[in-house]
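Asker: Before I ask anything, here is the structure I am working with.
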Amino acid sequence: MSPGLLMLVLWLAFAVSWVAASVWSSTAQRTPDPAAARGYRLLIVVGGIVLGIPVQRTGEALRLWHVGLQGVWLCVAVLALGIGFTWWARLHLGRLWSASITLKPDHKVVDTGPYGIVRHPMYTGAFVSIIATAIAKGSIPALVGMVMIVVGFWIKARIEERWLAAELDHDAYQAYRRKVPMLIPFMPAGE
């Protein structure tokens with residue numbers, strides 16, 4: 001199997017398993033204003049479509065670099081690690097997970113496992129996988145798609161931060177924010 005095909009298979013397996021696993025999620029008690037989600041969702045969806053454009057369709061004029069066969073295989077490994085980190089976070093969160101920003105029954109600050117490394121490990125794992133994909137493709141559309149998705153998830157993370165600080169135990173969430181970085185491991189924690 002070629003590394004490009006394996007990347008596609010990994011992304012498809014991730015998408016199908018992610019949607020199928022939504023049955024694990026408990027019912028939401030409250031959500032923020034749905035209008036707040038439109039902007040970041042649009043960026044993520046359009047960015048995903050643009051990132052997914054096959055390099056052959058963009059032509060060599062829009063190709064910025066070639067990473068070579070070893071480079072593409074390295075990107076496949078990094079993509080798989082990012083997906084693995086994302087799944088670890090999802091499994092660790094359990095029934096508190098939701099595709100949208102929500103408050104669940106018995107919702108609490110989770111600060112163990114991957115949530116002891118970064119406050120939003122699913123986004124971090126997704127970023128790693130998306131960046132690896134864009135690097136492997138080396139095209140302008142791939143980079144544009146990557147930036148759109150990263151910005152979309154960053155906006156979602158900021159909305160989620162504000163909402164969870166207001167909905168959960170405020171002092172516990174603020175202590176968590178001071179202790180654990182938002183998206184990038186080993187960075188100084190804080191707002």
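The values are calculated or read from the model by the stated rules, or taken from the named source; none is laboratory data. If you're wondering where the values come from, they're calculated on a predicted model, not measured in any experiment. Note: ideal-geometry Cβ built from the backbone for every residue, glycine included; neighbour counts use all protein chains shown.
Asker: Of the residues in the stretch 50-103, how many are within 21 Å of F153 (Cα to Cα), of a type in the set (F, W, Y) and in a loop (DSSP other than H, G, I, E, B)?
Answerer: Going through the stretch 50-103 one residue at a time, the tally reaches 1.
Asker: Can you tell me which residues in the stretch 77-117 are under 30 Å from A142 (Cβ atoms) and in contact with an Asp or Glu (Cβ under 9 Å, 6 or more places away or on another chain)?
Answerer: The one that is under 30 Å from A142 (Cβ atoms) and in contact with an Asp or Glu (Cβ under 9 Å, 6 or more places away or on another chain): I101.
Asker: Same structure again: Any idea which of S22, S26 is in contact with a helix residue (DSSP H, G or I) (Cβ under 7 Å, 6 or more places away or on another chain) and modelled with pLDDT under 85? Walk me through how you get there before you give the answer.
Answerer: On the way: S22 fails: in contact with a helix residue (DSSP H, G or I) (Cβ under 7 Å, 6 or more places away or on another chain).
Residue meeting the stated conditions: S26.
Asker: Tell me which of these V147 doesn't satisfy, since it passes every other one: (1) part of a loop (DSSP other than H, G, I, E, B); (2) at pLDDT 95 or above.
Answerer: (1)
Asker: Search the stretch 57-76 for residues being over 14 Å from I140 (Cβ atoms) and surrounded by fewer than 10 Cβ atoms within 10 Å (Cβ to Cβ), and hand back the single one that is modelled with the highest pLDDT.
Answerer: If we take residues in the stretch 57-76 being over 14 Å from I140 (Cβ atoms) and surrounded by fewer than 10 Cβ atoms within 10 Å (Cβ to Cβ), then Q70 is modelled with the highest pLDDT.
Asker: Next question. Quick one: count up the residues across the stretch 134-191 that are out of contact with any helix residue (DSSP H, G or I) (no Cβ under 8 Å at 6 or more places or on another chain), over 23 Å from L96 (Cα atoms) and of a type outside the set (F, W, Y).
Answerer: Going through the stretch 134-191 one residue at a time, the tally reaches 2.
Asker: With A99, A126 as the choices, which residue is under 22 Å from L42 (Cβ atoms), surrounded by fewer than 17 Cβ atoms within 10 Å (Cβ to Cβ) and of a type in the set (A, V, I, L, M)?
Answerer: On the way: A126 fails: surrounded by fewer than 17 Cβ atoms within 10 Å (Cβ to Cβ).
Only one candidate passes the filter, namely A99.
Asker: Any residue at all in the stretch 107-117 that is touching a residue at least 60 places away in the same chain (Cβ under 8 Å) and closer than 18 Å to W24 by Cα? So that I can check it myself, show each step before the final result.
Answerer: Taking the stretch 107-117 as the starting set, the residues that turn out to be touching a residue at least 60 places away in the same chain (Cβ under 8 Å) are 107-109, 111, 115-117.
Among the residues that remain, those that are also closer than 18 Å to W24 by Cα are: 107-108.
Within the stretch 107-117, one or more residues are touching a residue at least 60 places away in the same chain (Cβ under 8 Å) and closer than 18 Å to W24 by Cα.
Asker: Considering only residues of the stretch 147-191 that are aliphatic (A, V, I, L, M) and more than 21 Å from the chain's Cα centre (by Cα), which is farthest from D111 (Cα to Cα)? Quick ask: steps written out before the conclusion?
Answerer: Within the stretch 147-191, the subset aliphatic (A, V, I, L, M) is 147-151, 155, 157, 159, 164-166, 168, 172, 175, 180, 182-184, 187, 189.
The next check asks that each one be more than 21 Å from the chain's Cα centre (by Cα); those that pass are 166, 168, 172, 175.
Details: A166: 17, L168: 13, A172: 10, A175: 10 Å.
Here the residue is A166.
Asker: Go through (1) within 26 Å of R63 (Cα to Cα); (2) more than 12 Å from the chain's Cα centre (by Cα); (3) of a type in the set (F, W, Y) for F127 and report which single condition fails.
Answerer: The failed condition is (2).
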